[in-house]
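**Q** One structure, pasted below without further comment.
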Amino acid sequence: MLSGTDFVRQSLELHLFFARIMKEHSLFLGVAFTPKDGSWNQQAGMFRQDFERLLGDAISIANRNVSREVLQSGEVVTPYTIKAEIATTFFTGINIPTGLTQAAMGLTGNGMTANPMLEQQVAVLNQRALELVAALIQFKKRILTEVLACRLFTTNYPLMIEHLTREALLYQCLLQRLQNRETIVPGREAYEQEVFWNRNMSEHSFFIRGLLDPVECDLIIAANRFGGEFVELTQETMAAVGNSLLLKAVTDKSLNATMALRDFKRQGTEGILACQIRSIITPLLADHVLREANHYLFLLEIFKSNLR
Ligand SMILES: [Fe+2]
Ligand SMILES: [Fe+2]
């Protein structure tokens, strides 16, 4: 059974990453509807604000209750997040509260002590997150159904909507396990999470490929190469089930490939913010996929040391 301090720490770390991811998914969904579909856009806006509040509440109790390593991993915020938020507000007219990002940047890690009241507060926060994420999953699934039946148009690829749903399902699954006070053993998590994130890294690469302007040939070729590489890695990870030697090898390969993709995404984010890349990628989407690569790298480092 999970100790009280681990429950608090792991829950808050999960929200710092995923509540932000969910609020951004809501924004990406919202801006992709046409003017005709105002009510869909409005619903997306409500989810965005709900997750903003959730993230704000998590941040308000996270100081000294999360680990320094997570805060420094680049999965919570990157040096580009605020700039990307300001640019995305400028383009969309949507108010993105940079104050939340500033507050997350001001957090300090380590220094937890047992605190039953905080534990109770976190359990309530997790419950609220579970209800919210279940509703968001339904919303994403509804959009996908309508899009696939050609009753709704959005500028998001259908695979993008599927991808966003999958990430919400992972958040939900991890939250449920925390609420059950399940101990998570990082080495044992490696297989499932690597299949999940290798697949997502391949999809990010293909989304980037398809959202770049056709004149950006070199970047399109590079994105396509990453996409193919991560498809192979996903298959290799699946083939490593129950074989710790193979899993160790594929973890090393995934780590190297993800570092290279992280650098590609970082350069992409810098290029988009500096108006030097032609694309239809919103600055916040560029930063979002960079944070997800940082999150995966952080996990891979843990898996690597636990698979020795
Ligand atoms: Fe995402
Ligand atoms: Fe993603």
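What follows is calculated from the coordinates using simple rules that are stated; it is not laboratory data. Here the structure is a predicted model, which means the values were calculated and not measured. Neighbour counts are summed over all protein chains in view; Cβ atoms, including those assigned to glycine, are modelled from backbone coordinates with ideal geometry.
**Q** How would you rank 33, 196, 18, going from fewest to most other Cβ atoms within 10 Å of each one's own Cβ?
**A** Fewest-to-most ranking of 33, 196, 18: 196, 33, 18.
**Q** So what is the calculated 222 nm ellipticity per residue for the chain, using -39500 (n - 2.57) for each DSSP H run with n of 4 or more, over all residues, to the nearest 500 deg cm²/dmol?
**A** Taking each H run of at least 4 residues, the total per residue is -26500 deg cm²/dmol.
**Q** Shifting gears a bit: What ranking do 6, 287, 218 get, fewest neighbouring Cβ atoms within 10 angstrom at the top?
**A** So the ranking, lowest neighbour count to highest, is 218, 6, 287.
**Q** Right, something else. Evaluate Rg over Rh across segment 140-273, taking Cα atoms for both radii and Kirkwood's formula for Rh.
**A** 1.02
**Q** Working from the alpha-carbon coordinates of segment 1-82, get Rg over Rh, Rh being the Kirkwood radius.
**A** 1.09
**Q** Taking the Cα atoms of segment 205-245 alone, what are Rg (to one decimal) and Dmax (as a whole number) in Å?
**A** Looking at segment 205-245, its Cα Rg and Dmax stand at 14.0, 45 Å.
**Q** Sort 191, 171, 157 by Cβ crowding within 10 Å, fewest neighbours at the top.
**A** 157, 191, 171
**Q** Taking the Cβ of residue 143 as the center, what net charge do the other residues with Cβ under 11 Å away carry, scoring Lys and Arg +1 and Asp and Glu -1?
**A** Local charge sum for residue 143: +1.
**Q** Any idea how far the Cα center of segment 1-76 sits from the one of segment 139-184, in Å?
**A** Between the Cα centres of segment 1-76 and segment 139-184 lies a distance of 14 Å.
**Q** List every residue whose amide H lies under 5 Å from the amide H of residue 279, counting only residues 5 or more places away in sequence or on a different chain, with H placed 1.01 Å from N in the peptide plane.
**A** 213
**Q** P(r) tail for segment 62-216, what percent of Cα pairs lie past 24 Å?
**A** Cα-Cα pairs in segment 62-216 separated by more than 24 Å: 53 percent.
**Q** Now for a different question. Can you give the Kirkwood hydrodynamic radius of segment 148-201 from its Cα pairs, in Å with one decimal?
**A** For segment 148-201, the Kirkwood estimate is 13.3 Å.
**Q** Hey, any idea what Rg/Rh is for segment 178-253, computing Rh the Kirkwood way over Cα pairs?
**A** Rounded to two decimals, Rg/Rh equals 1.14.
**Q** Work out from phi, with θ = phi - 60° and the Karplus expression 6.51 cos²θ - 1.76 cosθ + 1.60, the ³J(HN,Hα) of each residue of segment 212-223, listed in order in whole Hz, and give x for Gly and Pro.
**A** With the stated coefficients, segment 212-223 comes to 7, 5, x, 6, 7, 4, 4, 5, 5, 5, 5, 5 Hz.
**Q** What's the FRET efficiency of residue 110 with residue 46 using the Cβ-Cβ distance as r and R₀ = 25 Å, to the nearest 0.05?
**A** Step by step, r from the Cβ atoms, then E = 0.10.
**Q** Can you give the charge dipole size of the chain about its Cα centre, rounded to the nearest 20 debye, using +1 on the beta carbon of Lys and Arg and -1 on the beta carbon of Asp and Glu?
**A** Roughly 260 debye for the chain.
**Q** List the lysines whose alpha-carbon lies under 30 Å from that of residue 253, not counting same-chain residues fewer than 8 positions away?
**A** Leaving aside lysines fewer than 8 places away in the same chain, those within reach of residue 253 are 265, 304.
**Q** Any idea what diffusion coefficient segment 205-308 gets from Stokes-Einstein, in µm²/s, Kirkwood Rh on alpha carbon pairs, 10 °C, 1.306 mPa s?
**A** Estimated via Stokes-Einstein, D reaches 109 µm²/s.
**Q** What list of whole percents do you get for P(r) of segment 249-308, with Cα-Cα distances grouped in 10 Å bins up to the one holding the largest distance?
**A** Binned Cα distances yield the sequence 23, 43, 23, 10, 1.
**Q** Compute the distribution of all C-alpha to C-alpha distances in segment 6-150, in bins of 5 Å from 0, and list the percent of pairs in each, rounded to whole numbers.
**A** 2, 9, 19, 20, 17, 14, 10, 5, 3, 1, 0
**Q** Aspartates and glutamates near residue 248 by alpha-carbon distance under 12 Å, same-chain residues fewer than 8 away left out - which ones?
**A** The qualifying aspartates and glutamates are 194, 236, 301.
**Q** If you wrap a convex hull around the alpha carbons of the chain, what volume per residue comes out, as a whole number of Å³?
**A** Taking only Cα atoms, the chain has a hull volume of 128 Å³ per residue.
**Q** For segment 127-135, what does the Karplus curve 6.51 cos²θ - 1.76 cosθ + 1.60, with θ = phi - 60°, yield as ³J(HN,Hα) per residue in whole Hz, taken in order and with x for Gly and Pro?
**A** Result, rounded to whole Hz: 4, 4, 5, 4, 5, 5, 5, 4, 5.
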